[in-house]
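Since every read-out is calculated from the coordinates, none of them should be taken as a lab result. Just so it is clear, the structure is predicted and the values come from calculations on it, not from any experiment. Reconstructed Cβ throughout: ideal geometry from the backbone, glycine too, with neighbour counts over all protein chains shown.
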Amino acid sequence: MGGAAAYRAHGADCVVGVGGGAALDVAKVVGAAWRRIRGDVIEYVWDHPRGARRSTTTLPYFVALPTTSGTGSEVGRSAA
């Protein structure tokens, strides 16, 4: 949520994720949370026990720069 706050404070227009799988996943969450999503960000996880909430906002432009060759983290099920 701190990343989303920084995104808003700086007036950013995209999210750039650099690193391995976890770093790219965090960057994706920043992109999803930047518009003050309703509820806790964990409620939007696809396997949430009560069912995932759907985002009703558009996502910012996202660039992934993977630094771990061969893991495929940039093209996993959460990449989109």
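Laid out as a table, the results:
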item: Approximate spin-label separation M1-T67, in nm, with each point projected 7 Å along Cα-to-Cβ; result: 2.8
item: Estimated distance in nm for a label pair at L59 and C14, the labels positioned 7 Å out from Cα along Cα-to-Cβ; result: 1.5
